[in-house]
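J.: Submitted below is the structure of interest, expressed as structure tokens.
The values are calculated or read from the model by the stated rules, or taken from the named source; none is laboratory data. Since the model is a prediction, treat every value here as computed from it, not as a measurement. All Cβ positions, even for glycine, are placed from backbone atoms using ideal geometry, and neighbour counts span all protein chains on display.
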Amino acid sequence: MKPLKIAHMYPELMNLYGDCGNIAALVQRCRWREIPVEVTPVGVGDSLADDYDILFIGGGQDREQLLVRDDLMSHRQELVEMVAGGLVVLAVCGGYQLLGHEFLTHQGDLIDGLGLLDVTTVGGRKRLIGNVVARADWLPGRPVLIGFENHSGRTKVGPKAQPLAKVESGFGNNGSDATEGARNGHVFGTYLHGSLLPKNPWFADYLLEAALKRRRGDDFRLEPLDDALEKAARASVERRIHSLHRRRWLPELLKR
Amino acid sequence: MNLKTKVALATGYLGGRVSRALHLGGGTSLPGAIALRLDADIIGRLAERLDRGPVLITATNGKTTTANMLASICRAEQLKVVHNAAGANLAFGVAAALMAGEKQGLTADTDETIGLFEVDEATVKNVTGQLKPQVFTVGNIFRDQLDRFGEVDETARLIAQGIDFLDDRATLVLNADDPRVAALGREASQSTLYFGLETAGTGAQGGAQDSKDCLICGEPLVYSERYFSHLGKYACQNCGFTRPPPAVTAINLKLSLSETKFTLVTPSGEAEVVLPVPALYNVYNALAAAAAALASGISLNSVVSGLNDFTPAFGRFETITVADRRVRLMLIKNPTGFDQAIEALHIETGPKNILIAINDNLADGTDVSWLWDVGLERLGPTGILAVSGTRAYDMAVRLKYAGVAEATVTVEPDLGVALESALSAVPPGSELFVLPTYTALLDLRRHLEKVAGVSAFWSAREATAGREGGAS
């Protein structure tokens, strides 16, 4: 069987908050099901011409984002075609911003994006930092995404994309409209680190299943795995968030 | 000293006494917090009384160890030391340490007194102007508590802002092997003293590497030697930014779990050092301390005996014996520290008993994403493997995805329970390696104190301060 092919974009430059954990989750969850899988690191100047199934791009600092921007833009047409052919894309934080139309940093640099997602980002002064709980209410069972956000960009989702999830706790895209991330077909962007996929195994499986359906037909279903440990981790984070909220009101009151 | 400063001092001391009497803590920061409120210039007023001047030490990793090595060197030189020992490294802690020194009469005019201040990276810019350090030491800039500073570049920028406050006569002591640190010396008007390693790379590389591109032009840096993470011998082929030749170096390294031998090479000559702690990162800490000492006019003899006599700081490879079992505490604060702890476990072969304790309180960093930047795939053979802390389950998930069989890992979020069951599972005569984040370390230390009679955190610190006061 031909292995599932994952392109890991700029692993050296765009890996700020343990984003490589997302690759670990995709790979291990294939291996545990004995699905052959292959990861290719794609650096600046490397070719993208391969039949990739999943493309991942993580977060980077503003400086690194400027460095990869030109390279990413040189692949623009190719990427548009690959996405039309069913490529599954996951982009986190800085990578998410680059998938959008543009990103105006708080230093005033305008970074053009790929335009694969109808989102635009403007840098803010205060960073939005903390644990996030957000609900993907467009999916059956309305599953919850848990992660940690740390970004200065404020992202707005335009009419040609939908939010990935509705924020229940945290800031999300911009701290004002209770949306988190964006999606359009099989292209997903999010601010959530954590790492995202090990902490949200259902989303890892959603991406894998979407990619494998293209090869094996719409009826393809992944076998379930034992996710007891991941579930325990999610439950402990949710409890932690609630206890932090309870403890926060007193210092907040004293600040006034 | 004017009346305002005197009132601030008296009120601060009183606050410390009340805090101690009420068992609210050792008062290592509170007296400073009170005094700074009453006299905003108190750090400057007290620091100018240090006749051998203040030395400032900052880094993301190893500040406390470097400062303690330097304190040991200063004691060997028969200097009296004012020192914010064991981690009170914000402005309050610096002020409190100066106040404690003042109270003990260390700053009286005729004494040979030096000030050693480890300072938090974000606080450097707030205290440098007042402290006026004659030696400004930067050990390294790794990923650390990114939830607080945002980005690694921001950490470097905050330290550079501190350098802007420095007097032109000061000396910058910089790690040549860390491109981000070495770059700080390029445009500085002060004189620079670089330290670094002159030995073949260790071959081992941790997961996270933060400075991969030239900070001047953005092209990839080429490494001819890489010691760990982004530390090594690098050069930019494009703009010519290159590792400055270090004046203080270590050669002939011999590593073991109990000690590290090397030849210290300095402008004042060469000498053999037997450092009583393991791991390459401690060689960097020793080089930083040695270079800062030499820049402060301390003799090479004192540098060597100070390093040889060094006692590890609280939780930094500290060994505590409990019921015939040796507990080795290895504080892990960020990916590089964790990677280095894992490397240290590989210095000697055989399975290790390990307890990893991950908390996500403010002092630890509230984001645990960094666990995914750690090369846990390199953990090696284990006996007991337990995880604990507020984020025990996150750590367990990390181990699962690193390929560690789920059944071999014990998860117990309660630190006391986890420590006791790990200790009872470890056979007598063997070792338990405990890798905690900062607040987990404090908590575990309290439990160890109960079972082994280890002195409390702040009283241990008081004992250190007392010893320094005696200048024995």
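Listed here are the residues, each with its yes/no results for (1) part of a helix (DSSP H, G or I); (2) under 21 Å from B:Leu197 (Cβ atoms); (3) within 14 Å of another protein chain (Cβ to nearest Cβ); (4) in contact with a Ser or Thr (Cβ under 9 Å, 6 or more places away or on another chain).
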| site | (1), (2), (3), (4) |
| --- | --- |
| B:Ala313 | no, no, no, yes |
| B:Glu343 | yes, yes, no, yes |
| B:Thr390 | no, no, yes, yes |
| B:Tyr393 | yes, no, yes, yes |
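J.: Looking at the range A:168-204 only, could you name the residues that are in contact with a strand residue (DSSP E or B) (Cβ under 6 Å, 6 or more places away or on another chain), among the hydroxyl-bearing types (Ser, Thr, Tyr) and away from chain B (no Cβ under 14 Å)?
T.: The answer is A:Thr179, and nothing else.
J.: How do the strands (runs of 3 or more DSSP E) wholly within the range A:43-146 filter down when requiring 2 or more residues that are at pLDDT 90 or above, closer than 28 Å to A:Ala233 by Cα and under 20 Å from the mean Cα position of the chain (by Cα): which remain?
T.: Ranges flagged: A:54-57, A:88-92, A:119-135.
J.: Could you tell me whether any residue of the range B:355-367 is among the aliphatic types (A, V, I, L, M), assigned to a helix (DSSP H, G or I), within 12 Å of chain A (Cβ to nearest Cβ) and surrounded by 21 or more Cβ atoms within 10 Å (Cβ to Cβ)?
T.: Within the range B:355-367 (the criterion being among the aliphatic types (A, V, I, L, M), assigned to a helix (DSSP H, G or I), within 12 Å of chain A (Cβ to nearest Cβ) and surrounded by 21 or more Cβ atoms within 10 Å (Cβ to Cβ)), the answer is no, since none of the residues qualifies.
J.: For the range B:231-275, enumerate the residues that are buried (at least 17 other Cβ atoms within 10 Å of the Cβ) and hydroxyl-bearing (Ser, Thr, Tyr).
T.: Answer for the range B:231-275, where residues must be buried (at least 17 other Cβ atoms within 10 Å of the Cβ) and hydroxyl-bearing (Ser, Thr, Tyr): B:Tyr234, B:Thr242, B:Thr249, B:Thr260, B:Thr266.
J.: Counting only residues that are in contact (Cβ under 8 Å) with a residue 60 or more places away in the chain, give me the strands (runs of 3 or more DSSP E) lying completely in the range A:162-224 with at least 2 of them.
T.: A:179-184, A:187-190
J.: Among the candidates B:Leu215, B:Leu253, which residue alone is in a loop (DSSP other than H, G, I, E, B) and of a type in the set (A, V, I, L, M)?
T.: B:Leu215
J.: Across the range B:105-127, what is the total count of residues that are part of a helix (DSSP H, G or I) and crowded, with 22+ Cβ neighbours inside 10 Å?
T.: Looking only at that region, the number is 2.
J.: Under 8 Å between Cβ atoms, at least 6 apart or on separate chains: pull out the pairs that start in the range B:222-247 with a residue that is among the basic types (Lys, Arg) and end on any residue that is buried (at least 16 other Cβ atoms within 10 Å of the Cβ) and not in a strand (DSSP E or B).
T.: The qualifying pairs are B:Arg226/B:Gly201; B:Arg226/B:Gln205; B:Lys233/B:Asp177; B:Lys233/B:Arg243; B:Arg243/B:Ala176; B:Arg243/B:Asp177; B:Arg243/B:Pro179; B:Arg243/B:Ala182.
J.: How about the range B:395-422: which of its residues are assigned to a loop (DSSP other than H, G, I, E, B) and within 9 Å of chain A (Cβ to nearest Cβ)?
T.: B:Ala402, B:Gly403, B:Val409, B:Pro413
J.: Can you find a residue that is within 14 Å of another protein chain (Cβ to nearest Cβ), at pLDDT below 95 and within 13 Å of the chain's Cα centre (by Cα) anywhere in the range B:104-126?
T.: No, the range B:104-126 has no match at all.
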